[in-house]
C-alpha cells in the first residue's frame, strides 16, 4: 500500500495546475456570458444579497452610530448659528415692514391730495412648473394651469422677487410661459432712479437681458434697478425686472450697449405667480380753473 501511495505522488493523475486554471477561466467566462445574455444568475444574486444583508448591517452599525453621534453635535451647532442668523434677519425684516407700511400710508395720503388714481394690489394665482422644453434657442416653461383655471394669453408671470415673463400659449390644463430672457422678448421698463423709460429685450441666454436704443448720453448707470413702466397695459407698473450690470459707451455706435441681470430667480424655483388682472390707470384730467379731476 505505501508503494502505491508513493507511485501516486510521483505520477499524479488528472490535469495539472495550468489546465485546471484554464478550465476555471473558461467556466467563469461561460457563466458571465450566460448571465449577461439570459440573466440566469439574477435569483442567485438576490439570494446572496439577502443572506449577506445582516452581515453588512452588523459591519455598518458602528459607523452609523458614530456618524449619528458626531452629526448630532455638528447639526446642533449649525442649528444654533442658523437660528441666530434667522432671528437677526427676522428683526431686519420687521423693521423693513414697518418702514414700508409708513411709506405706503404716506404714498396713499399724497395720492389722495393729488387726486391721483390709487394703485390696487395685484391678484395672482399660484402655478407649478411641470416641464421645461428642451430647445436651446428658446426660454420657455410649462405650468400646470390652463384655460380651465382662467389663465389667458398675455398675462404677466412673476415670482416673489420680480418679473419672470408672460403667458404666450394656453391649453385646457397647461400653459406656456415665455421668459423675459427669451430672444426678442420685449418688456417696457424705466429706471427707478430717474424714471427714464426704455425697452428691455431677452437675448436667448440665461440671466442676461439687454436694454436697447438708448442714446450715448442717456443717464443710466451700473447698479440701476429697472422696473416695469406699465406702458402698453401688458405688465403692471413697478415690478422689478433687472439690475444694470454693464454699460458700454462707444463712439462707433449710435446707442449704448446695456447688459442687465434679471431680478427674478428664473432658473431656481418650481412655483410662479400668474397675475390675474392689471389695475387700469385712470388719467388725471384737467378742468377749467386749474383743478385736477
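The values are calculated or read from the model by the stated rules, or taken from the named source; none is laboratory data. If you're wondering where the values come from, they're calculated on a predicted model, not measured in any experiment. With ideal geometry, Cβ positions are generated from the backbone for all residues, glycine too; neighbour counts draw on all protein chains shown.
Report those strands (runs of 3 or more DSSP E) wholly inside the range 184-277 carrying at least 2 residues which are modelled with pLDDT of 90 or more and over 20 Å from the mean Cα position of the chain (by Cα). Counting at least 2 such residues, we get 186-191, 197-202, 209-212, 225-228, 240-248, 257-262. Do we find a residue being touching a strand residue (DSSP E or B) at 6+ places or on another chain (Cβ under 9 Å) and under 30 Å from residue 217 (Cβ atoms) anywhere in the range 144-155? The answer is no; no qualifying residue exists. State whether the residues of the range 193-215 include one that is in contact with a strand residue (DSSP E or B) (Cβ under 6 Å, 6 or more places away or on another chain) and within 20 Å of residue 153 (Cα to Cα). So far as the range 193-215 goes, yes, one or more of its residues are in contact with a strand residue (DSSP E or B) (Cβ under 6 Å, 6 or more places away or on another chain) and within 20 Å of residue 153 (Cα to Cα). Which ones in the range 21-38 are surrounded by fewer than 11 Cβ atoms within 10 Å (Cβ to Cβ) and over 47 Å from the mean Cα position of the chain (by Cα)? Result: 24, 25, 26, 27, 28, 29, 30. The condition of being assigned to a loop (DSSP other than H, G, I, E, B), at negative phi and touching a strand residue (DSSP E or B) at 6+ places or on another chain (Cβ under 7 Å) holds for only one of 172, 133, that being 133.
Can residue 181 be described as in the same structural domain as residue 131 (by TED's automatic domain parsing), buried (at least 22 other Cβ atoms within 10 Å of the Cβ) and either under 22 Å from the mean Cα position of the chain (by Cα) or part of a strand (DSSP E or B) (or both)?
Judged against the criteria, residue 181 is a match.
With respect to the stated conditions, residue 280 is at pLDDT below 90 and over 17 Å from the mean Cα position of the chain (by Cα). Residues in the range 155-169 that are closer than 18 Å to residue 142 by Cβ and either assigned to a strand (DSSP E or B) or without any contact (Cβ under 8 Å) to a residue 12 or more places away in the chain (or both): 156, 157, 158, 164, 165, 166, 167, 168, 169.
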